[in-house]
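Input: a single structure, listed below in structure tokens.
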Amino acid sequence: MIKIGIVGDIGSGKSYVSENFGYPVFNADYEVSKLYQQNKNVFNNLKKKLPKYIHSFPINKIEITNAILANKNNLNKIIKIVHTEITKKMNLFLKKNKNSKIVILDIPLLLENKINNKDDILVYVHASKFNILKRLKKRKNFNKELIKKFKAVQLPISYKKTKSHYIIKNNFTKKSVKNGIKSILRKIR
């Protein structure tokens, strides 16, 4: 099984690119949302570490946001708790898709949390800062301060680019993404 890890800046279109490969996708952001809604253990651990912020189950994203904005260390506490569960979910996903020729890992902190293996293929999604900002501002929960906090725990973009085997230029048209994916799949199959 070939594992393709999708990396890039916040808002660069990693999930969109992942979905367009046409292979099973592990979407960590989606899985985190599910954890907040369904996992009582995650709730209890977060409530224990962040009692001033986490009050109700299912976890309200506003409580998470407030905790992150209040103190930079809170994001690391959240990541530590959530990362363990996401790794378990990813391993189940890999087991379930073991017969798939290729799987896609759409995990924002893939390199930071050292989730990838050395033989995984890394694809960097490149998009212009202008287009990224335009897209981020359209999100209903857009918060510039929150994005800054997330960027602070991420490796530099230049590092991610250097570590990647391929770069897909995303100008937010279906054609640019499809052509980039076709080119990569031709080379790795």
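The values are calculated or read from the model by the stated rules, or taken from the named source; none is laboratory data. The shown structure was predicted, so the numbers you read here are calculated from the model rather than taken from an experiment. Ideal geometry is used to build each Cβ from the backbone, glycine not excepted, and the neighbour counts take in all protein chains shown. SASA here: full protein model, heavy atoms, side chains in, ligands and nucleic acids out. Shrake-Rupley method; radii C 1.70, N 1.55, O 1.52, S 1.80 Å.
Within segment 15-36, the residues that satisfy the criterion of being in contact (Cβ under 8 Å) with a residue 40 or more places away in the chain and hydroxyl-bearing (S, T, Y) are S15, Y16, S18, Y23. Answer with yes or no whether A127 is free of Cβ contacts under 8 Å to residues at least 40 places away in the same chain and of a type in the set (A, V, I, L, M). No, not satisfied. If only residues of segment 112-122 that are at pLDDT 85 or above and in contact with a helix residue (DSSP H, G or I) (Cβ under 8 Å, 6 or more places away or on another chain) are counted, the one that is surrounded by the most Cβ atoms within 10 Å (Cβ to Cβ) is L122. Being under 30 Å from I188 (Cα atoms), in a loop (DSSP other than H, G, I, E, B) and under 20 Å from the mean Cα position of the chain (by Cα) is true of F21.
K151 satisfies every condition listed in (1) at pLDDT 95 or above; (2) over 30 Å from R189 (Cβ atoms) except (1). Anything in segment 166-186 that is among the basic types (K, R) and either open to solvent by less than 50 Å² (accessible area, probe 1.4 Å) or not in a helix (DSSP H, G or I) (or both)? List them, or say none. Passing the criteria: only K169. The residues in segment 51-88 that are in a helix (DSSP H, G or I), open to solvent by less than 70 Å² (accessible area, probe 1.4 Å) and not β-branched (V, I, T) can be counted, and the count is 8.
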